[in-house]
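Working notes for the structure below.
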Amino acid sequence: MRSNSIRYITLLVVAAMATFEAAAWSSKGHQVVAGLADKYLLPNVQREVHDLLGSAMENSAELPHTIYYLNLTTEGQPQLVEGDVLIEIERHIGTLRNRNNLAESEAREALKALIHLVADMHCVGHVRFADKACASDYTIYLPNGATGKAARRFKMTWREYWSTEHLKAHYGYSTAMHIRDLELRFKGEAYDMAHGLTPRDWAVDMGCECRPLYAWAKDEMDIPRLQHLALEELTNRTLAKAGWRLAAMLNNIFK
Amino acid sequence: MNKRLLICTLVAVLFASFEAQAWGGYGHGAIAYVAEQHLTPEAKEKCRHYLKHTLPWYASWMDHWRAVPPFHPTNAWHGFSATADGQVNWEKSNGKAMGEIMRIFRTMENGKYKQLPDSLVRHNLLILVHALPDMHCPVHVGFSKKDFPHYKYNLTRKGKPYKFHAFWDGSPAFERKGWTFERYAKEVDKITPKQAKKIIKKGNFTAWGEDIIKQAHRCFQITTKDKDIAYLTAEEKQAVHDLADEMAMKSAYRLAYVLNEIFK
């Protein structure tokens with residue numbers, strides 16, 4: 001009886017945690033990046049991509065089970081260690097360039113992985129500097145800013161913070177609406193964000209974006225309300241970069 | 001068994017905290033989305049020029065920033081005060097939402113916005129996008145304790161205390177989990193041009209205030225002191241939606257009117 005109830009409780013907890021995680025940016029952020037990229041594919045590329053996926057890109061941004069990180073040196077250069085997101089991206093690009101010699105299913109899996117991994121690579125919480133390799137697992141606290149009885153501090157990891165918290169501020173936004181707002185804010189910078197850059201350039205750029213933040217990050221730190229609100233711009237900029245870079249890359253592969 | 005109870009409580013807390021976060025800003029975003037659908041092309045273009053975003057993007061900004069010290073004085077800009085006989089209490093409302101909205105409108109109307117620096121036009125727009133809908137929320141009308149002592153109570157949810165204010169703040173999202181703003185607009189914005197004209201009341205802010213005060217009393221009739229919000233009847237749920245949606249639509253159409261007038 002005792003072991004049955006423990007099993008039952010464990011199941012409940014696992015179910016609760018799964019719901020919690022599924023509700024995070026994980027799906028929304030990936031859909032925004034994929035949807036933005038889809039809008040900027042060349043017509044013939046878009047046709048081929050949709051044929052291969054069997055749907056629009058937004059519907060193919062689901063998660064693999066493994067979490068990939070962008071590993072950088074202290075100076076912000078790619079480390080290219082085993083399991084690095086950059087290595088995975090370059091491997092899948094190679095697969096797609098060779099797609100005419102492969103089974104369609106293999107090309108499809110490579111495309112799906114790319115759609116997902118390019119977004120992952122642009123999430124601040126997925127960056128790891130050599131001197132702060134554990135930062136993604138730092139525990140941080142986000143105060144709600146209220147005082148007295150209403151004051152709350154939400155506990156999460158650094159990676160969870162960057163994956164979820166700023167997207168939550170726009171609860172009720174459909175993916176299409178979020179994309180429209182990214183376009184309004186960043187369209188003037190789209191060319192500079194994506195044109196002529198390789199994934200290794202993206203990695204160096206992410207290093208520049210993230211280095212000051214990682215110098216600031218500490219385990220068990222509070223992120224003050226003002227900083228939290230100011231950092232939303234970075235989350236949106238990295239989403240926009242990921243979307244336009246993914247489009248530029250696919251336009252190049254499928255041209 | 002104790003262990004089971006403890007873990008079940010933990011699970012409940014997880015779900016509860018998630019739901020609490022999910023409420024934030026939905027009503028504001030949906031209202032701003034509806035308002036944007038009723039902007040003239042000129043007003044829409046001008047708003048996007050100054051904000052670099054859509055209206056819903058900034059719909060809740062004042063709630064996010066009010067806890068940051070330099071923005072503490074804006075805490076009062078989310079509602080206004082009423083007199084016992086249903087008028088706007090101007091003595092107490094000048095530094096509040098109603099007073100700020102009128103001040104901004106008068107500073108910007110009839111092309112006067114062109115004489116202001118872009119940053120000030122943007123700042124004024126941001127306040128309008130949040131404060132004008134906010135003062136339409138039934139619980140954002142300040143009824144004095146002296147005149148309405150019976151309005152000071154809280155509700156329950158599954159037997160536990162639940163804030164009256166929090167329930168009505170979240171009423172546009174009540175039992176509408178997963179609704180996007182587009183869906184809200186499609187299902188709720190069924191206002192005819194004739195109704196819209198009645199809502200606008202020729203842009204008379206005082207008449208808007210009196211209308212809001214009149215409707216605000218309804219929330220105390222729908223969710224009376226004895227109500228447990230987890231067990232409302234179908235009629236009571238409908239009454240919650242009717243009031244929430246009516247006020248949401250009024251605020252959306254009035255926000256659109258104000259922006260259209262500023263940029264005409």
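The set of residues from segment A:224-247 being buried (at least 20 other Cβ atoms within 10 Å of the Cβ) and hydrophobic (A, V, I, L, M, F, W, C) comprises A:L239, A:A240, A:A242, A:W244, A:L246, A:A247.
Among the conditions (1) open to solvent by less than 10 Å² (accessible area, probe 1.4 Å); (2) over 20 Å from B:G142 (Cα atoms), the only one that B:I101 does not satisfy is (2).
State yes or no: is B:G209 farther than 30 Å from A:S174 by Cβ, small (G, A, S) and touching a Phe, Trp or Tyr at 6+ places or on another chain (Cβ under 9 Å)? Yes, satisfied. Quick check, is A:A119 open to solvent by less than 10 Å² (accessible area, probe 1.4 Å), part of a helix (DSSP H, G or I) and under 26 Å from A:M193 (Cβ atoms)? So A:A119 fits the description; yes.
Considering only segment A:210-228, state which residues are in contact with a helix residue (DSSP H, G or I) (Cβ under 6 Å, 6 or more places away or on another chain) and in a helix (DSSP H, G or I).
Of the residues in segment A:210-228, the ones in contact with a helix residue (DSSP H, G or I) (Cβ under 6 Å, 6 or more places away or on another chain) are A:210, A:214, A:217.
Within segment A:210-228, A:C210, A:Y214 meet the criteria.
Here A:I9 meets each of (1) at pLDDT 95 or above; (2) open to solvent by less than 20 Å² (accessible area, probe 1.4 Å) with one exception, condition (1). Scanning segment B:171-184 for residues that are surrounded by 14 or more Cβ atoms within 10 Å (Cβ to Cβ) and within 11 Å of chain A (Cβ to nearest Cβ) returns B:P172, B:A173, B:R176, B:W179, B:T180, B:F181, B:E182, B:R183, B:Y184.
State whether one or more residues within segment B:191-210 are under 21 Å from B:Y26 (Cβ atoms) and modelled with pLDDT of 95 or more.
Quick first cut of segment B:191-210, residues under 21 Å from B:Y26 (Cβ atoms) only: B:191.
Among the residues that remain, those that are also modelled with pLDDT of 95 or more are: B:191.
Scanning segment B:191-210, I find at least one residue that is under 21 Å from B:Y26 (Cβ atoms) and modelled with pLDDT of 95 or more, so the answer is yes.
Is there a residue in segment A:138-154 that is farther than 24 Å from B:A59 by Cα, in contact with a helix residue (DSSP H, G or I) (Cβ under 7 Å, 6 or more places away or on another chain) and more than 14 Å from chain B (Cβ to nearest Cβ)? Checking segment A:138-154: at least one residue is farther than 24 Å from B:A59 by Cα, in contact with a helix residue (DSSP H, G or I) (Cβ under 7 Å, 6 or more places away or on another chain) and more than 14 Å from chain B (Cβ to nearest Cβ).
Among the residues of segment A:141-200, those that are aromatic (F, W, Y) and in contact with a Leu (Cβ under 8 Å, 6 or more places away or on another chain) comprise A:F154, A:Y161.
Could you go through segment B:68-90 and let me know if any residue there is within 12 Å of another protein chain (Cβ to nearest Cβ), assigned to a helix (DSSP H, G or I) and in contact (Cβ under 8 Å) with a residue 60 or more places away in the chain.
Let us first name the residues in segment B:68-90 that are within 12 Å of another protein chain (Cβ to nearest Cβ), namely B:68-72, B:75.
Pick out the ones that are also assigned to a helix (DSSP H, G or I) and you get B:69-72, B:75.
Within this subset, residues satisfying the condition of being in contact (Cβ under 8 Å) with a residue 60 or more places away in the chain are none.
No, every residue in segment B:68-90 fails to be within 12 Å of another protein chain (Cβ to nearest Cβ), assigned to a helix (DSSP H, G or I) and in contact (Cβ under 8 Å) with a residue 60 or more places away in the chain.
Are any residues in segment B:186-209 free of Cβ contacts under 8 Å to residues at least 12 places away in the same chain and open to solvent by less than 30 Å² (accessible area, probe 1.4 Å), and if so, which ones? Let's see the steps before the verdict.
Start the filter on segment B:186-209 by keeping residues that are free of Cβ contacts under 8 Å to residues at least 12 places away in the same chain, which leaves B:186-187, B:190, B:192-195, B:197-198, B:201-202, B:204, B:207.
Answer for segment B:186-209, where residues must be free of Cβ contacts under 8 Å to residues at least 12 places away in the same chain and open to solvent by less than 30 Å² (accessible area, probe 1.4 Å): just B:A207.
May I ask you to verify whether A:H178 is open to solvent by less than 30 Å² (accessible area, probe 1.4 Å) and within 12 Å of another protein chain (Cβ to nearest Cβ)?
Numbers: open to solvent by less than 30 Å² (accessible area, probe 1.4 Å): yes; within 12 Å of another protein chain (Cβ to nearest Cβ): yes.
Yes: the conditions hold for A:H178.
Going residue by residue through segment B:104-117, is there one that turns out to be open to solvent by less than 40 Å² (accessible area, probe 1.4 Å) and among the small types (G, A, S)? Explain how you work it out, then say what you get.
Initial filter on segment B:104-117 (open to solvent by less than 40 Å² (accessible area, probe 1.4 Å)): B:104-105, B:108, B:111, B:113, B:116.
From the residues that got through so far, the ones that are among the small types (G, A, S) too are B:111.
Yes, some residue in segment B:104-117 is open to solvent by less than 40 Å² (accessible area, probe 1.4 Å) and among the small types (G, A, S).
This table checks each residue for (1) farther than 25 Å from B:S171 by Cα; (2) out of contact with any Gly (no Cβ under 6 Å at 6 or more places or on another chain); (3) part of a loop (DSSP other than H, G, I, E, B).
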site: B:N110; (1), (2), (3): yes, yes, yes
site: B:Y113; (1), (2), (3): yes, yes, no
site: B:N124; (1), (2), (3): yes, yes, no
site: B:I127; (1), (2), (3): no, yes, no
site: B:H136; (1), (2), (3): no, yes, yes
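Filtering segment A:163-175 to residues that are among the hydrophobic types (A, V, I, L, M, F, W, C) and either modelled with pLDDT of 95 or more or not in a helix (DSSP H, G or I) (or both) leaves only A:A169. Working only within segment A:196-216, note down all residues that are under 15 Å from A:I89 (Cα atoms) and open to solvent by 70 Å² or more (accessible area, probe 1.4 Å). A:R200 - this is the single residue of segment A:196-216 that is under 15 Å from A:I89 (Cα atoms) and open to solvent by 70 Å² or more (accessible area, probe 1.4 Å). Of all residues in segment B:39-62, those that are farther than 16 Å from A:L182 by Cβ have Cβ atoms under 8 Å from Cβ atoms of residues that are assigned to a loop (DSSP other than H, G, I, E, B) and basic (K, R), 6 or more apart or on another chain, in B:T40/B:K264; B:E42/B:K264; B:A43/B:K264.
Among A:A135, A:A146, which is the only one that is open to solvent by less than 60 Å² (accessible area, probe 1.4 Å) and more than 22 Å from A:M206 (Cβ to Cβ)?
On the way: A:A135 fails: more than 22 Å from A:M206 (Cβ to Cβ).
Testing whether each residue is open to solvent by less than 60 Å² (accessible area, probe 1.4 Å) and more than 22 Å from A:M206 (Cβ to Cβ) leaves just A:A146.
Among the conditions (1) without any contact (Cβ under 8 Å) to a residue 24 or more places away in the chain; (2) open to solvent by 40 Å² or more (accessible area, probe 1.4 Å); (3) not polar (S, T, N, Q), the only one that B:I222 does not satisfy is (2).
Contact map, segment A:122-139: first residue over 12 Å from A:W158 (Cα atoms), second residue charged (D, E, K, R) and buried (at least 19 other Cβ atoms within 10 Å of the Cβ), Cβ cut-off under 7 Å, separation 6 or more or different chains; pairs are A:H122/A:K241.
Going by what's in this entry, would B:H123 be described as within 17 Å of B:M249 (Cα to Cα) and within 22 Å of the chain's Cα centre (by Cα)?
On the way: within 17 Å of B:M249 (Cα to Cα): no; within 22 Å of the chain's Cα centre (by Cα): yes.
Taking the combined requirement at face value, the residue does not satisfy it.
Would you check if there is a residue in segment B:153-169 being within 14 Å of chain A (Cβ to nearest Cβ), under 30 Å from A:Y171 (Cα atoms) and open to solvent by less than 10 Å² (accessible area, probe 1.4 Å)? No - not one qualifying residue is present in segment B:153-169.
The values are calculated or read from the model by the stated rules, or taken from the named source; none is laboratory data. The shown structure was predicted, so the numbers you read here are calculated from the model rather than taken from an experiment. Reconstructed Cβ throughout: ideal geometry from the backbone, glycine too, with neighbour counts over all protein chains shown. Areas reflect the complete protein model, heavy atoms only, side chains present, ligands, DNA and RNA absent. Shrake-Rupley method; radii C 1.70, N 1.55, O 1.52, S 1.80 Å.
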